[in-house]
Structures are given as structure tokens and as C-alpha cells.
Amino acid sequence: MKWMYLLVPLTVLGPSAGFAATSPLQAFLTCDADSLAIVNQPGLKERIPSTEVNGKVRFSGGSKTSLGERWMFDTPITLEGVTLTGFFIEDQDLMGSRIIGSGFYTQQAPDALYEQLKKMPSSQLESAHGIYARAQIWSHKQSGWVAENGDELAGKLVTDTAERVLMVEPAAAEVGHGSKGMITCSIQGNVTPAMLKTTRPDLIE
């Protein structure tokens, strides 16, 4: 499998005791069309300003980065054992591939994050090259995301489709605020409106 996002520092999403019974963090880990609803939860919506325009979320007030924007929290927020220090969104073109990401920075380092997240059925993370990831590929035939088959793709360039990846990795030192890890939902490749509809409908033009 070919993970171009490993070549660049990508960024990540995740509470407070007041959250509803259905875990917003678990919903985020699915990386689907409803994942970004987490930013509307008490404890997060006050720190990640957003509005809804024509049914699409629009963020504001973040600090610009080379890849997008980030919002660092004055005090961490703990959700289901995961301590969040900030939030980010990214959208860029790199070598002909569109790379879209959103997620959270965490106080926990990747190994500790994995131990916490593996308790959630929606994570399905596997270890790969020092990070933890769940990779899916878009099937044009099925019009949906399917588990990536390494044998099927071995030796082939993925140029006509895209990957969707849930990833746990180290946070860059420059992020600060005690951030040691990141949880990211990303899409990369030849991204189409059909893919965005199932994952980031807010980006559909």
C-alpha cells in the first residue's frame, strides 16, 4: 500500500464528562460523513469556532499552518481516556494528489493512544512502520470504501482512486502544548465528489 501522507506531517479530531452516551470520539474514528460533528460537542464547540452554511460546516479563528489550520486548547480536554490538546484541518495538493486531513493532537504518545483506541470497535488499527493505521481504498465498482488489499495493489500505482486512512502518529515538536500524538482521518489521491460525500461533505463545491 502506498501512503503518500507519510511523506508530509499531517494533522487530526476528539471531550468532556458532559458528552452524550454515544461516543463522539468513536464516531470520529469511523472517518465518515458524520465524523466532524464532534466539533459541535460541549467542550469543543467553544474552542473550535464554526458555523453552518448551506448545511456545510465552516471553521474560523484557527492559526494558519503550511497545510491548513489548527486550534490549540488553553487547557486539555479528556474524552474516553484520550487527552486532546488541539484540533486541525488540512487540504492540499501534492504531486498531483489531493490530501485532506482532520484530527486531534493528544498528550498521549502513539503507543499509549493505540492502547486506548483499540478498545473501541470503530478503530481497527494495525501497526505499520512505527505508526498505527486503518487503510481503506475507494471501490468505484461498489461506490464505497473497502479494506485495502495489499496483494491486489502490490506493484500498482493507485492513480484512479483514493485511500481513506485513520492514523495514529507522533505530533511534530513545533505543535507544542504538551502534544505527543495525533489522531488523523485523511483522504488522499484522486478525490471525487462521491468520496467526499461519504467522508467530508463540507468540502463538496
Do any residues in region 171-195 that are over 16 Å from Gln92 (Cβ atoms) and surrounded by fewer than 23 Cβ atoms within 10 Å (Cβ to Cβ) have Cβ atoms under 8 Å from those of residues that are at pLDDT 95 or above and among the polar types (S, T, N, Q), where the two are at least six apart or on different chains, and which pairs are they? Val175/Thr85; His177/Thr85; Gly178/Thr85; Gly178/Gln107; Lys180/Thr106; Lys180/Gln107; Lys180/Gln108
I'm checking my understanding of the structure. Among residues of region 61-80 that are within 18 Å of the chain's Cα centre (by Cα) and in a loop (DSSP other than H, G, I, E, B), which one is farthest from Leu166 (Cα to Cα)? Gly62
Residue count, region 87-127 (criterion: assigned to a strand (DSSP E or B) and closer than 15 Å to Arg164 by Cβ): 10
Filtering region 180-195 down to residues that are out of contact with any Pro (no Cβ under 9 Å at 6 or more places or on another chain) and under 13 Å from Phe87 (Cα atoms) yields Ile183, Thr184, Cys185
Does region 99-134 hold any residues that are in contact with a Gly (Cβ under 7 Å, 6 or more places away or on another chain), of a type outside the set (Ser, Thr, Tyr) and open to solvent by less than 70 Å² (accessible area, probe 1.4 Å), and which are they? Phe104, Gln108, Ala109, Pro110, Leu113, Gln116
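Hey, any hits in region 63-79 for a residue that's in contact with a helix residue (DSSP H, G or I) (Cβ under 8 Å, 6 or more places away or on another chain) and open to solvent by 60 Å² or more (accessible area, probe 1.4 Å)? Reasoning before the result, please.
Here is the first cut: in region 63-79, the ones in contact with a helix residue (DSSP H, G or I) (Cβ under 8 Å, 6 or more places away or on another chain) are 70, 72, 79.
Now drop any that are not open to solvent by 60 Å² or more (accessible area, probe 1.4 Å), which leaves none.
No: region 63-79 contains no residue that is in contact with a helix residue (DSSP H, G or I) (Cβ under 8 Å, 6 or more places away or on another chain) and open to solvent by 60 Å² or more (accessible area, probe 1.4 Å).
The values are calculated or read from the model by the stated rules, or taken from the named source; none is laboratory data. This structure is a prediction, so every number in the text was calculated from the model and none was measured. Glycine gets a Cβ as well: all are built from the backbone with ideal geometry, and neighbour counts include every protein chain shown. These area figures cover heavy atoms from the full protein model, side chains too; ligands, DNA and RNA do not enter into them. Shrake-Rupley method; radii C 1.70, N 1.55, O 1.52, S 1.80 Å.
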